[in-house]
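Q: Structure provided below as structure tokens; questions to follow.
No lab work stands behind these numbers, since they all come straight from the coordinates. Everything numeric here is computed off the predicted structure, so don't read it as measured data.
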Amino acid sequence: MRGRIIGKIEEGRKITDIAREFDIAQCCFHDCGSYLKLLECVVDGTGGRVRSTTPAEDRYIVLSAKRNRRTTAQQVANQFLAASGKQISRKTVARRLRGGGLYARSDQAAPYCPFAMVSGASQTEQDFILR
């Protein structure tokens, strides 16, 4: 009986007419109608923001990042642009990598080291600076 009711709703008939035909209270149709609206949204694919990448492209992004674990999100985005011709932001790449279980794909600053060579200074000057 539920299938016939849903069929009549899909035909576009009013709930009041269907309730009268099946001799059922209109309040019984509330769940059925909202379920059908939800089903239409899922089937039509309407609503929500359009994704910039497909699931296959997401897998490619994760795979290319796993090949070289030292690449940053910006480098992965540049590789993706070269491979597919589609430009995506580094934030999008970072989100896709997080979805694939990879984290911390940003440029890493050099650690502070007071003993690092000062550019332009010779080794003897460096020894003098350290003493």
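Q: I24's amide H: which non-local residues (gap 5+, or another chain) put their own amide H closer than 5 Å, with H modeled 1.01 Å from N in plane and none for Pro or chain starts?
A: For I24, no residues qualify.
Q: Can I ask one more? Using the Karplus equation 6.51 cos²θ - 1.76 cosθ + 1.60 (θ = phi - 60°), what ³J(HN,Hα) coupling, rounded to whole Hz, does each residue of the stretch 82-90 give in order, writing x for Gly and Pro?
A: So the Karplus estimates, Gly and Pro as x, are 5, 7, 10, x, 10, 8, 10, 7, 5 Hz.
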